[in-house]
Structures are given as C-alpha cells and as structure tokens.
1. To the nearest 10 degrees, how steep is helix 392-402 against the longest Cα principal axis of the chain, on a 0 to 90 scale?
2. Could you list the square roots of 5 times each eigenvalue of the Cα gyration tensor of the range 88-136, that is, the equivalent ellipsoid semi-axes, sorted largest first and rounded to whole Å?
3. For the range 1-136, what is the relative contact order in percent, using Cα pairs closer than 8 Å and at least 6 residues apart in sequence?
4. Per q in 0.20 Å⁻¹, report the Debye log10 I(q)/I(0) for the range 37-94, using one uniform scatterer on each alpha carbon and no solvent.
5. Based on the alpha-carbon gyration tensor of the chain, what equivalent-ellipsoid semi-axes (square roots of 5 times the eigenvalues) come out, in whole Å, largest first?
6. Treat the count of other C-beta atoms within 10 Å as a stand-in for reagent exposure and order 287, 391 from fewest to most.
7. Of the beta bridges DSSP finds with both residues in the chain, what % are antiparallel, to the nearest 5?
8. Running a GNM on the chain with Cα contacts under 10 Å, which residue among 372, 358, 208 ends up with the highest mean-square fluctuation?
Ligand code: ZN
Ligand code: ZN
C-alpha cells in the first residue's frame, strides 16, 4: 500500500536540551505525550539537522529547507516572506520589508517602538496607500497592515537594491536614524532614498489621522511613525505543484511561515482562533489540516507556542504546552492514505532562550514505512530510530519516494 497524501506537521522549536527545572530531561521527554509516542511507535524515527550540522536555523530558513528549497540558494531575508504572509503578492525583484507602527513624541524621539501594541491599523494603512506617492522616484509600493502593531511594505520598480539599513534604533528615547545604503551600489541608494521618502510621507499622514487623534485623546500612544526593517529582494521560486506534482496548502498563524508557503506555491488556509501562541485554537487547526487533506495532496502545518516558551526560558511551561499540543493531535491518528511527518524546525533550548543547532526529532508514519523499535517521540529516543540522522533537505525526497512520486536516478 502507498499513501497519496502528505502532512508535514512542524512543531515549532519543540526540541530542546536537558533542563534543570525538569531534572535534566528535555521538555519533550518530560511531557506526557501518548499521541506523539504512538506515532513514533508506528513510524520510522530519526533526528534531523534542518539545514546542516552546527547551523543554527531561523524558522524561515529551516522551513525553506524542509520544503526542499535550500536557503543557501533561495533565502533573501525575512522581509519578502513576511510581506507575502501579510497579504502582499510579491513578484521577483520587489523589495520587501517588515514594519512596525511606532510612537514618536513632539521632539521626534521614539517613545514606544510598538505604539502601545496598537491593533486595528487597517484605516491607517489605507490612508498610507492613498496618500503616499513615490512616483517622483519612479517607484510604486504596496503596504498592508498585519496583526497588532505589524505591517509590511514592498517597493516596486526597476533598479532597486536590498542592502539597506533600518530606521529602527531598537531603543526608545532616541531619534530614528535615516535608512542608509550599505554599499556604493546606486541600486541600494535608490532603495534607501525611497524608504526615507516613504517614512517621511507616511509620518505626515499618520500624524493627524483621526484614528491617532482618538488614541491621543484616550491617553494611548498613537501609531505615528513606521519603523521598517528586514529588507530583502524577492527571488523566483519554482512552484511546489510543478516541482513535485503535488497540490498543497499551508496552515500557520505565523505570517513568516504562511509567507514561505505562499511564495513556493502553497495555498494559505487561515484558521480563525489561531494565534501562533500558547492560547491558539489547536483543535480548529488540526480539523483544518484534515479537511485540507481531503482536497489537496500536501499540507504543511506549523504549530508555534513551544518555541515561544523556549525563547522565554520556561521549561515547565514548554512541557505543559507540549502536552496540550499532544492532546490536540489525537484526530491525526485516524488519518488514512496519508504519510504523516512530525518534526521540529529547530531546537529552542530554554537554557539559551534562542534557537540552537541541536538536531530535532522526526518521525514518518504511514503505509510502507519500515517501522523501527522507537516508541517515544523525544530527542534521545528518536536518535535510535531507522532514519538515523538526516538533513532537512532530505525530507521531501524521502517523502516523495514513500508516496512513489520520486523519479528513478539511472536505468
Ligand atoms: Zn521556528
Ligand atoms: Zn523561535
């Protein structure tokens, strides 16, 4: 028997190192995870370097690698991916940025880099789209508001570079610096000039926008300046359906991950109630993934939350959230005709509060896999499994082979 569908379930940052607070166990090893353990028992396990041994992955570079797009070749910075995830359709050559609505005082000093975690910024974004004009520079732009204080910008036009600095001073109580070109290339200067002009014109519009006037009256910090960062030039991505012969969807509350899915040609399926945090509606997410497998060949689902606990250095909270995830995954045990891949995108050890290069556990379960003797889904148990140690870029070829969609190399 051969499966026809593939579900990649990426448990973001779930992998860890031994935690003092958990008697030397990792949060995943300390958690009670009957569902993940059953998947491990019924599948072939291993550990995986999502990019390569010793390389500390970002969530973006690791997901590109897992999908078979080596980041060394395809990664062009976070900006274009966030922009795509925020709803800007990026095409090759566009320069993408992440933005924050921030607050500056009457003296031009930044008083809040997130404008009091402002939300509902769509009217501000609309005013910017209507009022800002970069045509004197021969350029157009796209601007979209995102969740909370976030937004995204893309510059459209000829001869734009992406080696520019940010106007985010990363500190409060200081004046935002001008965006500077990082090289002598005129293309980078053109982008820096466009950024500064965009920031100037948008600040004028934001200053007396009714929504901001209202916030000031209510004693809230107004979103009266845009901080822009993460410049990157959108590349050309061979599209997933043509490349692999599989139609696909992406389910993720994180715009970075949904953006990656979209740039490679997966359809983004929004799920109401999902937040990308530990209060996310995981049941709704799992239901959405199962529904998508009814109409698509491939689904990438990312569950965040454990990563957040790792960044906060909270081992016990991470263990507890892993148990919540495990419970939500139970309906996946009944999946038929599906190759189920469960892994992390990177380790986020509580001890270092950031991503590390430690390999992550992985299991593949479905018809045809050579079930090994591993019965626990954790970092140490999976290291004894039949997949041994693979790289992220090996995952798509292995999955394609297991569903009989791999091309024979040679005669
Ligand atoms: Zn991640
Ligand atoms: Zn992270």
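Rule-based calculations on the coordinates, nothing more; no lab input. All values derive from a computational prediction rather than experimental measurement. FYI the Cβ positions are ideal-geometry reconstructions off the backbone, even for glycines, and counts take in every protein chain you see.
1. That works out to roughly 50 degrees.
2. Result for the range 88-136: semi-axes of 24, 14, 13 Å.
3. Relative CO of the range 1-136 lands at 9 percent.
4. -0.82
5. One finds semi-axes of 40, 24, 19 Å for the chain.
6. 287, 391
7. Bridges in the chain are about 60 percent antiparallel.
8. Largest GNM mean-square fluctuation: 208.
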